[in-house]
Every structure is written in structure tokens, then in C-alpha cells.
Number of protein chains: 2
Amino acid sequence: MWLRRTTRPTSTDGELARLAKALGHPARVRIIRHLTKRTSCMCGDIVKELPLAQSTVSQHLKVLKKAGLITGEIDGPCVCYCIEPAMLVRLKTLIATLPSPSSSPKQVCQSK
Amino acid sequence: MWLRRTTRPTSTDGELARLAKALGHPARVRIIRHLTKRTSCMCGDIVKELPLAQSTVSQHLKVLKKAGLITGEIDGPCVCYCIEPAMLVRLKTLIATLPSPSSSPKQVCQSK
DNA sequence: ACATCCTATCGTATTTTTACGATAAAGGAA
DNA sequence: TTCCTTTATCGTAAAAATACGATAGGATGT
């Protein structure tokens, strides 16, 4: 952004951008989808699901966690990642603030 | 991505990631929102709306256009950008394929 | 023709992202 | 204790994203 922040942007635009950005990679979408398919949390099975190195997957998990879309808690030797449903709802809500199909009729250019 | 493609990924995951990535910047969210507020298309008023250089805004518009979220057509001296409602609907649809709040009850870790 | 306005693109620099292998840290089993 | 498994982090390299000023090109007006 044009202004560096250490804290998360609290504005609606910034929040939507932040969440969208976290989803903005095929591997991360796949992780999210995988976590929603299972009722269990899945530790490192995610690594087996993806054609990526374990360290790379770990980085993607970190991004999702930082965005608040998933949580990870230690369970003995492995770590359990779970979806954070509230944050997905939040994302849907923010997306919903964008135009609905009916409210945007085909428009002619009126710049002049 | 783990496999370089010249064409757009056609898979659902890839498509969602692609659209989310396009939205994954505050300036681009703001542009989208601005375009939805107006009934007219707005040419370079977008530049005035943002604290960014004209060339930078032009780049962001290019990203949104490439993602199919907006269209831009030349109208005399200026260019008119419009929302592409269908693509926003598509984005909402893809997001909807992710879990609904009720389908993701609070789960205990079951990895072991 | 010339000047002006609007926009895209170029060239560039900085930052961020993505990916990997290697390593470290923590837990459980022998 | 010593292994083994699991995960995070480090170090690094390559690619992409972001931003700007400068420039080019197209349309309009004089």
C-alpha cells in the first residue's frame, strides 16, 4: 500500500483486500477447500494433497493463519488446522458489499 | 504457482484464486467500489480518487481488466471503465462453494 | 499544423511473494 | 538416552507486484 502499516487496516476496503489476497493463490484455496471437506482438522495431510514442498505448504498455512481464515493448534507431534468459519462469513459479507447483479444495469459511457 | 501456465487456469480453485488475487489490493477494491457507486463509468476520475500516480492507477485497472472484473472502452479522449457484473457474480458463486457457517461446527482436533 | 487533454506503456527501483532444501525444535516410541 | 516423526523457521534464489516519473499515442480543439 501507499502507506506502510504495522497493524491490520481496519477499513472495509483494506480488510476485504487483505482477505482476498490471502485467498489469492491456488494452493491456499485448495487448502481451505480441503479443510472444509473433512470433519477432522488434518495435520500434515495437506502436504500430501499438494505438489509442493513441506516448507512451502507451511508458509501458505502461515498466510492463511495470519489472515485469520484458519487456526492451528498443536496436538502432540502434529498441528491441527481448522477453518475459522466466522472469518469466511466475514469475507462473504465484505464481498456482498460490492454490487448486486440487478443494481448494475448495462450502462453506456457517460464520461463526456 | 507450481506449474507455469500461459493460459488461465480453468479449475475452480485456480479461478477463485485468480479473482481473489485481483481483488487483493486496497486500491483495486476501492476502484471496484467506486465504479459501483456511480451509474456512469468514470474515466480518469479514479485517479483523483486515489492517492496514487496516474500510471500506477492505470496498472491496477489493467489487473482488474485482465481478471475480467471490469471493462474499459475508449470514448473519445478518455476511457470508460465499467463493472462486469457477471464476473462479480462468478466470484460470489465461487466463494459460496466454500463452507457455509452451519456446515462447519466447532470441531475438536482428531488427528491422532 | 499545433497545443492540450487523457490514458497506456516504458524503464526503473524497491518490495513482496513464492519456492526449495536444510536445519531446528518438539513430541512420541524404542 | 537415542531415534523417528512432524512441523516451523532459516537462508536463499527467482519471480511477481507495486510504485513512480517520463514518455508515447490518440482524440479533440484552436
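Quick look at the values:
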| read-out | value |
| --- | --- |
| Filter result (touching a strand residue (DSSP E or B) at 6+ places or on another chain (Cβ under 9 Å) and open to solvent by 40 Å² or more (accessible area, probe 1.4 Å)) within the stretch B:66-78 | B:71, B:73, B:74 |
| Complete set of residues in the stretch A:11-50 that are surrounded by 16 or more Cβ atoms within 10 Å (Cβ to Cβ), more than 11 Å from DNA strand D (Cβ to nearest atom) and assigned to a loop (DSSP other than H, G, I, E, B) | A:50 |
| Looking only at the stretch B:51-65, and only at residues there that are open to solvent by 30 Å² or more (accessible area, probe 1.4 Å) and more than 7 Å from DNA strand C (Cβ to nearest atom), the one that is farthest from the other protein chains (Cβ to nearest Cβ) | B:65 |
| Answer residue from the stretch B:47-67, given it is in contact (Cβ under 8 Å) with a residue 40 or more places away in the chain and not charged (D, E, K, R) and is nearest to residue B:16 (Cα to Cα) among those | B:67 |
| Residue list for the stretch A:72-84, restricted to those being under 18 Å from residue A:30 (Cβ atoms) and either in a loop (DSSP other than H, G, I, E, B) or more than 8 Å from DNA strand D (Cβ to nearest atom) (or both) | A:82, A:83, A:84 |
| Given (1) touching a residue at least 60 places away in the same chain (Cβ under 8 Å); (2) surrounded by 15 or more Cβ atoms within 10 Å (Cβ to Cβ); (3) more than 7 Å from chain B (Cβ to nearest Cβ); (4) away from DNA strand C (no atom under 15 Å from the Cβ), index of the condition residue A:81 fails | (1) |
| Lone qualifier among A:76, A:44, A:68, A:72 - being modelled with pLDDT of 85 or more, more than 7 Å from every other protein chain (Cβ to nearest Cβ) and at positive phi | A:68 |
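The values are calculated or read from the model by the stated rules, or taken from the named source; none is laboratory data. These numbers were taken from a predicted model, which means no experiment stands behind them. So basically every Cβ, Gly included, is an ideal-geometry build from the backbone, and we count neighbours across all protein chains shown. The accessibility values were calculated without ligands, DNA or RNA, using every heavy atom of the protein model including side chains. Shrake-Rupley method; radii C 1.70, N 1.55, O 1.52, S 1.80 Å.
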